[in-house]
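Report on one structure; see the data block that follows.
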Amino acid sequence: MNETIPYDVTIIGGGLAGLALSIQLAAKGYLVALFEKEHYPFHKVCGEYISLESWDFIESLGLPLSQMQLPIIKKLIVSAPNGSMLKHNLPLGGFGISRYKMDFELKKIAESAGVTVYENCKVEDVVFENEKFKLHTVKGIFTSTVCAGSFGKRANLDVKWKRNFILKKNNKLSNYIGVKYHIKTDFAGDTIALHNFKDGYCGISKIENDTWCLCYLTNAANLKNSNNSISELEKNELYKNIHLKNIFDSATLMFEAPITISQISFAKKAQVENHVLLCGDAGGVITPLCGNGMSMALHSSKLAAAAIGEFLQHKINRQQMEELYTGNWQQQFGKRLKAGRLIQEGFGKTWITNMFIGIMKKLPFITNLLIKQTHGKPF
Ligand SMILES: Cc1cc2nc3c(=O)[nH]c(=O)nc-3n(C[C@H](O)[C@H](O)[C@H](O)COP(=O)(O)OP(=O)(O)OC[C@H]3O[C@@H](n4cnc5c(N)ncnc54)[C@H](O)[C@@H]3O)c2cc1C
């Protein structure tokens, strides 16, 4: 395919941030194309617990959550590697839905709103020239006036653009791996559990169809110490937490092999690169311990849609659009990400986690404060 008609906006990456952005812009009447390298529906590494701060926004996009009988999650259990357990009510709470379902539903809504969705279409390069973007993809070249990048935690374009977090040497905030299963178990549907183990933690909570999502994060060194074998890692480290061992022993795993992702970095990122506005994880990754990366992805799409709308209506110029988006992004998420990084750096050493959870058990207001620091308000 050769060059097509110019779009108002092209969006690279069709996760929550990209899909939500495309729906909002199409609703404003703009010509929008979204490029996704995979084919929907597909699974993704994610704990699949969404903070309720996003509920109204997701419904406003056209997804009728209230009619989908999804589990509402109001309680939190945290266990230390030594098995000691803390129980706490979640001030706002969340709900469970798989990415397989949610991304697919949003993709269908995007298409009916008029977005052209190119699946199996990886964007290889983006060139900005004469106030236009040229996207080089496996399906040809596409042009647009505005380009948004919502390509997730780490993508080919991050490497191509030599983004700071790619060039940085590995430190405590980089080189994590994520592993996810869907399982059948009998865990409470209104509770999310966070079970800690050496250098990692594992979340479990209910999603649709009487299924639970079990997802954990650890560092690459932990996997290396277990001969780069996921099952050895689970036996060597996760099973040392008695609660995790019980879950693995009794659950039915629904995938032949877990879904995995590597080289996750929580280092700082810029929200605009080469004039491309970056939404969701592409603009900043929050640690899953803080549980609301999906809400941040959705919320950042709302900020981007507003700034792009102002620009396309000629109310502001490109530089002002970029500054407006970055400023609003920092105001919304800057503090949350900082708190997330601090918490992530503190976790890891078994004795610290054991001690920390021991203290939190005695001082529930600290738990409350931490949860509030890392969650946002409905938007
Ligand atoms: C272990 C773990 C557990 C988590 N648990 C939770 C949780 O319970 N709750 C929560 O709220 N958040 C959680 N998160 C965070 C959450 O998953 C992310 O914040 C969220 O998925 C970000 O959405 P996104 O749209 O930015 O990116 P993504 O959903 O990753 O979407 C990016 C998309 O871009 C596509 N893409 C990449 N490169 C290209 C390219 N060049 N061309 C075309 N397409 C491309 C990818 O295929 C992908 O579909 C977790 C994260 C991890 C690692």
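Test of understanding: among 77, 97, 50, 72, which residue is touching a residue at least 24 places away in the same chain (Cβ under 8 Å), surrounded by fewer than 16 Cβ atoms within 10 Å (Cβ to Cβ) and closer than 19 Å to residue 193 by Cα? It would help to see each step written out before you state the result.
Numbers: 77 fails: surrounded by fewer than 16 Cβ atoms within 10 Å (Cβ to Cβ); 97 fails: surrounded by fewer than 16 Cβ atoms within 10 Å (Cβ to Cβ); 50 fails: surrounded by fewer than 16 Cβ atoms within 10 Å (Cβ to Cβ).
One residue alone meets the criteria, 72.
Considering only residues that are on the phi < 0 side of the Ramachandran plot and near the ligand (Cβ under 6 Å from one of its atoms), which ones fall in region 6-20?
So the first thing to find is which residues in region 6-20 are on the phi < 0 side of the Ramachandran plot, and the list is 6-12, 14-20.
12, 14, 15, 16, 17, 18 - these are the residues of region 6-20 that are on the phi < 0 side of the Ramachandran plot and near the ligand (Cβ under 6 Å from one of its atoms).
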Practice item. Determine whether residue 281 is more than 9 Å from the ligand (Cβ to nearest atom) and either at pLDDT 95 or above or touching a Ser or Thr at 6+ places or on another chain (Cβ under 9 Å) (or both). Key: no
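What residue, of 65, 34, is within 20 Å of residue 302 (Cα to Cα), more than 16 Å from the chain's Cα centre (by Cα), within 10 Å of the ligand (Cβ to nearest atom) and not β-branched (Val, Ile, Thr)? Can you show your working first?
Values: 65 fails: within 10 Å of the ligand (Cβ to nearest atom).
Every option except 34 fails the conditions.
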Point to revise | Residues of region 80-94 that turn out to be open to solvent by 60 Å² or more (accessible area, probe 1.4 Å) and not in a strand (DSSP E or B), as a count | key: 1
Check your understanding: When you go through (1) among the polar types (S, T, N, Q); (2) over 16 Å from residue 261 (Cα atoms); (3) within 20 Å of the chain's Cα centre (by Cα) one by one for residue 156, which number turns out not to apply?
Key -> (2)
Review point. Can you name the strands (runs of 3 or more DSSP E) wholly within region 155-267 that have at least 3 residues being surrounded by fewer than 17 Cβ atoms within 10 Å (Cβ to Cβ)?
Key: 259-264
Exercise for review: Return the residue satisfying two criteria in turn: it lies in region 9-30 and is touching a residue at least 60 places away in the same chain (Cβ under 8 Å) and open to solvent by 50 Å² or more (accessible area, probe 1.4 Å), and of such residues it is nearest to residue 93 (Cα to Cα).
Suggested key: 27
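Residue by residue through region 284-297, note down the ones that are among the hydrophobic types (A, V, I, L, M, F, W, C) and within 8 Å of the ligand (Cβ to nearest atom). Before you say what the answer is, go through the steps one by one.
Within region 284-297, the first condition is being among the hydrophobic types (A, V, I, L, M, F, W, C), and the residues that meet it are 285-286, 289-290, 294, 296-297.
Residues satisfying the conditions are 285, 286, 294, 296, 297.
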Exercise for review: Output the residues belonging to region 317-365 that are open to solvent by 90 Å² or more (accessible area, probe 1.4 Å), farther than 23 Å from residue 171 by Cβ and among the basic types (Lys, Arg).
Suggested key: 361, 362
Check your understanding: Are any of the residues in region 105-115 away from the ligand (no atom under 15 Å from the Cβ) and of a type in the set (D, E, K, R)?
Key -> yes
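The values are calculated or read from the model by the stated rules, or taken from the named source; none is laboratory data. Because the structure is predicted, anything quoted here is derived from the model rather than measured. Glycine also receives a Cβ, built like all others from the backbone with ideal geometry; neighbour counts cover every protein chain displayed. What goes into the accessible areas is simple: the full protein's heavy atoms, side chains included, and nothing from ligands, DNA or RNA. Shrake-Rupley method; radii C 1.70, N 1.55, O 1.52, S 1.80 Å.
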